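Enquirer: Take this structure, written in structure tokens, and hold onto it; I'll ask about it next.
Nothing in this text is a laboratory measurement; each read-out follows from the coordinates by a stated rule. Here the structure is a predicted model, which is why all the values come from computation and not from measurement. Here the Cβ is made from the backbone with ideal geometry for all residues, glycine too, and neighbour counts use every protein chain on show.
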Amino acid sequence: MDLFSHALLPYLLGNYFQKRKKEITAFVIGGIAPDVDIFLLLIQYLYPTFFLITHRGITHSFFFGFFTGIIVLYFASRNSVKKIVQKHIDFEPVFSRRNIVYAFAGITVHLILDYSTTRGVPLFYPFDVTRYSAELFFYTDIYLTITSLIMVIFLLRKRTQNITKFLIIFLIILAGMGALRFAEKNNTELYFHDGTIKSFPTMNPFEWYAQKEEGTKIEIYQYNGLEGKSNYNNTFQRLNVISGGGDLEKALGLADKLPQLKMFKWRAHSVAINASYGNGTWVLEYYDPVQRAEMRDISGTFGIAGARFSSLKINVTGDRAIAN
């Protein structure tokens, strides 16, 4: 979900239940705290690791989310930070045991919202690295984002007593879009008459991608709910050997040890491999077939960025594997 929705829902709920300003502030801080993980991306880039130091990684779990909320609330309550923020918004962060509870409540709201989006979050990390997802919404929903942005702007510019009305509008749109997407997701899976089909959302609530994994291949379909049919399908080989010559099993084993590949597999819907051998080096391209299908019509800067995010190349020479 987007930052505006993560901040807005705790704010509306806190005001609806008539909590004190400092409690509402802690609630909102918790609602946005997990997304401080964007500042951890540089660490992952410089020092690759599989400790989920990435967006929607370590801070998006109940365990580490709790400590993230404490840290963010603590820094937000420092006078130097508080004075800067209070110039722009009505902000009263207070670091206390009671407010830590409200911050964790905000963390929980954040995780629930992100659970509803594609590929989800590792709710129980470090005890379980699985990403849990309802696969209803795309990463962000344009209708919710616009609604939340308008409400946030209005609330920042003008204090209002109609919090209940704002909360009802937000929840109606959230529930309405969720119900629509649930129905379309169900229609997608019913269309293929196959219980092994998995469906994934897009920005458009009426367009879905479906994936079927079978033996050595992965089949990808695009389904349009308004038309009631699939307009695209493609089959990807799990392992496509373009040219051979060396010990492929050894190369794959060496590549599997790299933290970059572990992270890529953790983020992907599924993984396929293009392998080619030449001049004593295996070039292994790992990619997500769902994302490759999603990016097929996108060109230019966004296409290049999407291609880099949806694939990983690894060169294996002798006993050494290097991620590019």
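Enquirer: Please report LYS250, LYS185 as a ranked list, fewest other C-beta atoms within 10 angstrom at the top and most at the bottom.
Expert: The order, fewest Cβ neighbours first, is LYS250, LYS185.
Enquirer: Ordered by packing density, taken as the mean number of other Cβ atoms within 10 Å over each peptide's residues, highest first, how do 62-68, 93-99 rank?
Expert: Ranked by mean Cβ neighbours within 10 Å, highest first: 62-68, 93-99.
Enquirer: If the reach is capped at under 22 angstrom between alpha carbons, list the lysines near LYS229, excluding any in the same chain fewer than eight residues apart.
Expert: Excluding near neighbours in sequence, the set is LYS185, LYS198, LYS212.
Enquirer: Can you put HIS269, HIS88 in order, fewest other beta carbons within 10 Å first?
Expert: HIS88, HIS269
Enquirer: If amide hydrogens are placed 1.01 Å from N in the peptide plane, which non-local residues have theirs closer than 5 Å to the one on LEU239?
Expert: Those qualifying (amide H under 5 Å, at least 5 residues apart or on another chain) are ILE273.
Enquirer: Taking square-rooted eigenvalues a ≥ b ≥ c of the alpha carbon gyration tensor, is the chain rounded, prolate or oblate, where a/c under 1.5 means rounded and, failing that, a/b exceeding b/c means prolate?
Expert: Oblate is the answer for the chain, as a/c is 1.5 or above yet b/c matches or exceeds a/b.
Enquirer: At 7 Å along Cα-to-Cβ for each site, give me the label-to-label distance between ILE298 and ASN187 in nm.
Expert: 2.4
Enquirer: Identify which of ALA26, ALA183, ALA103 has the largest mean-square fluctuation in a Gaussian network model of the chain, with springs joining Cα atoms closer than 10 Å.
Expert: It is ALA183.
Enquirer: Residue by residue through the range 13-20, which ³J(HN,Hα) values in whole Hz follow from phi under the Karplus form 6.51 cos²θ - 1.76 cosθ + 1.60 (θ = phi - 60°), with glycine and proline marked x?
Expert: Whole-Hz 3J(HN,Hα) from phi for the range 13-20: 5, x, 5, 4, 8, 6, 7, 6.
Enquirer: Taking springs between alpha-carbon atoms closer than 10 angstrom, which of THR216, THR59, THR108 fluctuates most in the Gaussian network model of the chain?
Expert: THR216
Enquirer: Explain nothing, just the number: relative contact order of the range 239-323, from Cα pairs under 8 Å at least 6 residues apart, as a whole percent.
Expert: Once divided by the residue count of the range 239-323, the mean separation gives 33 percent.
Enquirer: Summing Lys, Arg as +1 and Asp, Glu as -1, what charge do residues with Cβ under 13 Å from the Cβ of TYR115 carry, TYR115 excluded?
Expert: +1
Enquirer: Counting only C-alpha contacts under 8 Å and six or more residues apart, can you give the relative contact order of the range 47-128 as a whole percent?
Expert: For the range 47-128, the relative contact order is 43 percent.
Enquirer: Cut-off is 10 Å between beta-carbons; in what order do VAL109, VAL316, VAL85 appear when sorted fewest neighbours first?
Expert: Going from least to most buried by this count: VAL85, VAL109, VAL316.
Enquirer: Now a separate question. Using a 10 angstrom cutoff on alpha carbons, build the Gaussian network for the chain and name the most mobile of ILE43, ILE107, ILE163.
Expert: ILE43
Enquirer: Among the lysines, which fall within straight-line cross-link reach of LYS250, defined as a Cα-Cα distance under 23 Å, with same-chain neighbours fewer than 8 residues apart omitted?
Expert: Counting by Cα, and skipping residues close in sequence, LYS250 has these lysines nearby: LYS217, LYS262, LYS265, LYS313.
Enquirer: Give the lysines reachable from LYS21 as a straight Cα distance under 23 Å; neighbours fewer than 8 places away on the same chain don't count.
Expert: LYS82, LYS83, LYS87, LYS158, LYS165
Enquirer: Pairs of alpha-carbon atoms within less than 8 angstrom and 6+ residues apart define the contacts here; what relative contact order does the range 139-237 have, in percent?
Expert: 17
Enquirer: Something else now. Calculated from DSSP H runs of 4 or more alone, at -39500 (n - 2.57) each and per residue, what is the 222 nm mean residue ellipticity of the chain, nearest 500?
Expert: -15000 deg cm²/dmol
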